[in-house]
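Presented below is the structure to which this report refers.
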Amino acid sequence: MILDGAGSEPVLELSDVTFRRADKEILRGITFTVRAGEHWALLGPNGAGKSTILGLCGAVNHPTSGTVRVLGERLGRVELQALRRMIGHVNPRHPLRSPLTVREVVLTGITGTTETPPRWRARPDQVDKADALIGAVGLSGKADERWPTLSQGERGRTLIARALVNEPRLLLLDEPATGLDVAAREQLLDTIDMLDETHPRIASILVTHHLEELPATTTHALLVAAGLVVAAGPARATVTTENVSASFDHPIEVHEDGGRWLARTARARRRDFVTFSAAGG
């Protein structure tokens, strides 16, 4: 479900954002707007600034200059803890140490903690909601299984349920398919695609450097390189051979089929390499 961008309220607005760390400029002139119901891909090579942008979107980082508005609130003029509770965050490197059950992990989304806080007890309606989400992400019957026994794919889907338990307006997915085999990746992407029906107003940003990891429901894309925007806009007009090649500084052919993308080295470069190798170079 792609909502009419002109009629949807902005969920996230970055305007001419610069970010510096230890006198090093990480981002420069970043500008884009995410509206309710849009699903953005944030693409670029390692070191391009993707994680820093995601930190701004999640109200974790503050810009050095420029303006960041998250859920209508300007960073620097809002109480951050309250704002962060309205943002769901999926990070496959979730630093959980205790052997919590799937249900307990999902419920930590309510407290905004990694572990279950001492003396905190979920209400019956909160438990019911967690169980409903566990079923919705395809983990029915696994609510009582413990985190150390889960596969990487099951952990990813558990973290999506955890991110949704507070009914956030913005969902951030930080390379959610990291470490998954192809079957687990496809199951995870099916779960993300499902949000288009179950949470039609939620906006999302998914960070990756693999085009094959983009869900079919991706509506928009932001391509970055060396802290700069290469291209931004509707996905099919943005995730192109020209733009992806410019972002990754390598000739890459991009193909789209039914909302899914495939990227590979451009044929001309492969032929040049084969000819060079055959000549003994």
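Annotation note: of A231, A203, the sole residue that is surrounded by fewer than 20 Cβ atoms within 10 Å (Cβ to Cβ) and at pLDDT 95 or above is A231. Scan segment 50-68 residue by residue and report those that are exposed (fewer than 14 other Cβ atoms within 10 Å of the Cβ) and either aromatic (F, W, Y) or in a loop (DSSP other than H, G, I, E, B) (or both). Within segment 50-68, just H62 meets the criteria.
Taken together, A183, A177, A226 contain a single residue that is surrounded by 23 or more Cβ atoms within 10 Å (Cβ to Cβ), under 27 Å from T241 (Cα atoms) and small (G, A, S), which is A177.
Residue-level analysis places I134 outside the set of residues that are of a type in the set (V, I, T), under 22 Å from V207 (Cβ atoms) and in a helix (DSSP H, G or I).
Contact annotation: residue pairs with Cβ atoms under 6 Å, 6 or more positions apart or on different chains, pairing a residue in segment 105-119 that is part of a helix (DSSP H, G or I) with a partner that is among the basic types (K, R), are V105/R162; V106/R162; G109/R162.
Find the residue count for segment 234-271, including only residues that are closer than 21 Å to D193 by Cβ and of a type outside the set (D, E).
At the first step, the residues of segment 234-271 found to be closer than 21 Å to D193 by Cβ are 234-239, 254-263.
Filter again for of a type outside the set (D, E), leaving 234-239, 254-255, 258-263.
Count: 14.
Say we look at segment 114-138 and pick out the residues that are over 20 Å from I192 (Cβ atoms) and hydrophobic (A, V, I, L, M, F, W, C); which of these is surrounded by the fewest Cβ atoms within 10 Å (Cβ to Cβ)?
Residues of segment 114-138 that are over 20 Å from I192 (Cβ atoms), as a first pass: 114-128, 131.
Filter once more, so that each one left must be hydrophobic (A, V, I, L, M, F, W, C): 120, 122, 127.
Values: W120: 11, A122: 19, V127: 15.
Among those residues, the one meeting the criterion is W120.
Would you say G156 is in a helix (DSSP H, G or I), in contact with a strand residue (DSSP E or B) (Cβ under 9 Å, 6 or more places away or on another chain) and over 21 Å from L56 (Cα atoms)? Let's see the steps before the verdict.
Working: in a helix (DSSP H, G or I): yes; in contact with a strand residue (DSSP E or B) (Cβ under 9 Å, 6 or more places away or on another chain): yes; over 21 Å from L56 (Cα atoms): yes.
Against the criterion (in a helix (DSSP H, G or I), in contact with a strand residue (DSSP E or B) (Cβ under 9 Å, 6 or more places away or on another chain) and over 21 Å from L56 (Cα atoms)), G156 qualifies.
L71 fails exactly one of the following numbered conditions: (1) at negative phi; (2) buried (at least 16 other Cβ atoms within 10 Å of the Cβ). What is the number of that condition? The number of the failed condition is (1). Right, N46: more than 15 Å from G233 (Cα to Cα), of a type in the set (S, T, N, Q) and either crowded, with 21+ Cβ neighbours inside 10 Å or in contact with a helix residue (DSSP H, G or I) (Cβ under 8 Å, 6 or more places away or on another chain) (or both) or not? When the stated conditions are applied, N46 does not pass them. Only one of the numbered conditions (1) under 23 Å from T217 (Cα atoms); (2) in contact with a Leu (Cβ under 8 Å, 6 or more places away or on another chain) is violated by E73, and that is (1). Give me a count of the residues in segment 214-227 that are assigned to a strand (DSSP E or B) and either within 17 Å of L173 (Cα to Cα) or out of contact with any Ser or Thr (no Cβ under 6 Å at 6 or more places or on another chain) (or both). Of the residues in that region, 5 qualify.
So, in segment 192-213, exactly how many residues are under 23 Å from S245 (Cβ atoms) and not in a helix (DSSP H, G or I)? Talk me through it step by step, then tell me what you get.
Initially, segment 192-213 is screened for residues under 23 Å from S245 (Cβ atoms), giving 205-213.
Right, trim to not in a helix (DSSP H, G or I) and you get 205-210.
Total satisfying the criteria: 6.
Mind checking whether some residue in segment 75-98 is among the hydrophobic types (A, V, I, L, M, F, W, C), touching a His at 6+ places or on another chain (Cβ under 8 Å) and touching a residue at least 12 places away in the same chain (Cβ under 8 Å)? Yes; the residues of segment 75-98 include at least one that is among the hydrophobic types (A, V, I, L, M, F, W, C), touching a His at 6+ places or on another chain (Cβ under 8 Å) and touching a residue at least 12 places away in the same chain (Cβ under 8 Å). When the residues of segment 69-102 are filtered to those that are under 17 Å from I205 (Cα atoms), among the hydrophobic types (A, V, I, L, M, F, W, C) and assigned to a loop (DSSP other than H, G, I, E, B), the one that is modelled with the lowest pLDDT is M86. Examine segment 17-36 for a residue that is in a loop (DSSP other than H, G, I, E, B), of a type in the set (D, E) and surrounded by fewer than 16 Cβ atoms within 10 Å (Cβ to Cβ), and state whether such a residue exists. Yes, that holds for at least one residue. Residues that are more than 26 Å from A184 (Cα to Cα) and either assigned to a strand (DSSP E or B) or touching a Phe, Trp or Tyr at 6+ places or on another chain (Cβ under 8 Å) (or both) within segment 228-251 comprise L228, V229, V230, A231, A232, G233, P234, listed in sequence order.
The values are calculated or read from the model by the stated rules, or taken from the named source; none is laboratory data. Source: prediction; values computed, not measured. Counting neighbours? That spans all protein chains shown, and the Cβs are built from the backbone with ideal geometry, glycine included.
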